[in-house]
Amino acid sequence: GYAFRIPLNELSMAIASEFIAREKLCCPFFRFHLDADKKRDGLWLSLQGPEGVKPFIQSEIGSTLNPALSFPIHS
């Protein structure tokens, strides 16, 4: 999966929550984690899933979120 760093503010938290709700409708295999942590410099949205999901995340979602702010994570 990937972890995306998003600026921490009320609007970004609302947008991230809405994004998760929409994605769960079409992609129920995703696991999401949303972490708001000033020590880690922002809001972190983690997406994980079954084997082979990383290319899917990159092709479907990577263009929506800033790839410079994404970091691969291990399941």
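Bear in mind these aren't lab numbers, they're just calculated from the coordinates by the rules spelled out. From a predicted model like this one, the values you see are computed outputs, not experimental measurements. Cβ: placed from backbone, ideal geometry, glycine included. Neighbour counts: every protein chain shown.
If I model a spin label at residue 18 and residue 39 as a point 7 Å from the Cα along the Cα→Cβ vector, what separation in nanometres do I get?
It works out to 3.2 nm between the two label points.
Tabulate in residue order the Karplus-calculated ³J(HN,Hα) for segment 8-21, using 6.51 cos²θ - 1.76 cosθ + 1.60 with θ = phi - 60°, rounded to whole Hz; enter x for Gly and Pro.
Listing the rounded values in order: 8, 7, 4, 5, 5, 5, 5, 5, 4, 5, 5, 4, 4, 4 Hz.
Taking the Cα atoms of segment 1-63, report the difference between the largest and smallest coordinate on each principal axis, in whole Å and largest first.
Principal extents (largest minus smallest coordinate, Cα): 31, 21, 19 Å.
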